[in-house]
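These notes concern the structure reproduced below.
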């Protein structure tokens, strides 16, 4: 039997609550979630890596990822674009998660558009389920997906956080445009 995967866990305060950051020893982000959803995150880790298939040890700023998340919340939105992630999940889920990273900061798309982008226009519901199973939210920006009529729907951290993240990205992404217009 293989040794369990060693995962490192850290926490940081953000303007919208305490964020949990889980990384592997090679500096890849494995999970991100909010403190009040820690049990859900642990359940997903068990689902992906198996009962006893991983250990979770406290660490300060593993791989520099906690610091990068703090930077994101202070307005350095591009910092998440290059953050290394390594997730389990099905091939379909990983395909959806890859497509999420192509949504520009400050923009939103619908679930049906996301399904079209991966070449599966009829798989809207499956895309929604994969989006909801994303273990590295914010970095793989599932919050940028909205309902067919543009309404905010289904975010694992709650709709208020989704609203905040979208507003944060809109303000920060407009910043360079506003300062160059002066």
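Report the extension gain between residue 153 and residue 170 in nm, rounded to one decimal, defined as 0.36 nm multiplied by the number of residues separating them, less their alpha carbon distance.
Extra length from residue 153 to residue 170 when fully extended: 4.3 nm.
DSSP beta bridges in the chain, what fraction antiparallel, as a percent rounded to 5?
Antiparallel bridges make up about 60 percent of those DSSP assigns within the chain.
At q = 0.14, 0.19, 0.20 Å⁻¹, what base-10 log of I(q)/I(0) does the Debye formula yield for segment 91-180 when every alpha carbon is treated as an equal point scatterer in vacuo?
Taken in order of the listed q values, log10 I(q)/I(0) reads -0.46, -0.81, -0.89.
Segment 60-137: D in µm²/s via Stokes-Einstein (Kirkwood Rh, Cα pairs, 4 °C, 1.567 mPa s)?
The calculation lands on 95 µm²/s.
Show that you can apply the helix-only estimate: for the chain, add -39,500 (n - 2.57) for every DSSP H stretch of four or more residues, divide by all residues, and state [θ] at 222 nm to the nearest 500.
-11500 deg cm²/dmol
I need the P(r) histogram for segment 5-80: all alpha carbon pairs, bin width 5 Å from 0 out to the longest distance, whole percents.
3, 17, 27, 25, 17, 8, 3, 0
Every number in this text was worked out from the coordinates using simple rules, so none of it is lab data. It should be emphasised that the depicted structure is a prediction, and the values quoted were computed from it without experimental measurement.
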